[in-house]
1. List, in order, the whole-Hz ³J(HN,Hα) value for each residue of the stretch 43-51 obtained from phi through the Karplus relation with A = 6.51, B = -1.76, C = 1.60 and θ = phi - 60°; use x for Gly and Pro.
2. So if the hydrodynamic radius of the stretch 31-74 is defined as the Kirkwood radius over C-alpha pairs, what does Stokes-Einstein give as its diffusion coefficient at 25 °C and 0.890 mPa s, in µm² per second?
3. Separation between the Arg39 and Ala107 pseudo-spin-labels, each 7 Å from Cα along Cα→Cβ, expressed in nm?
Amino acid sequence: MTAVQAGFYAAAFLALWTGLLRLVAGEAPFAEHGLTYTRVAAGYLLGGLAGGAVVGALLPVARSRGGTAAVGALAGLAVGAAMSVVASGMPPWRDPRGGDIALVTVALGAAIGLWFPALARRAAANSADGPP
């Protein structure tokens, strides 16, 4: 499975989970934040694909735990940016919480990168084998 496929599957899971919320609670939870279910699901899809593309492109960097944290942080930033585009449109974003959102997405991405040491092993194995 490629990193983009993994990002897509994660996004699909989140969209389904959010779909259950919509079935149970309707549009109210989304409307409270000025969103719709469709925009949230699109954000998950865009974020999953963007994050997966970042991970796939930077896989050679993920040879160590620090590398996986860095790749995860950048992927988290890509996911946060994708969600911001869906929620607020294209930059410049005027949301005063923008710095907080960036910090949280980078921190969560780094944490997730650290929790997946298999990423580092895969990167090391791929670089040892050379190009396909």
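1. x, 4, 5, 4, x, x, 5, 5, x
2. 207
3. Placing both labels 7 Å along Cα→Cβ, they lie 2.6 nm apart.
The numbers here are math on the coordinates, done by the rules we state, and not lab data. Note that the structure is predicted; figures quoted are calculated from it, not measured. Quick reminder, even Gly has a Cβ in these numbers, built from the backbone with ideal geometry, and neighbours come from all protein chains shown.
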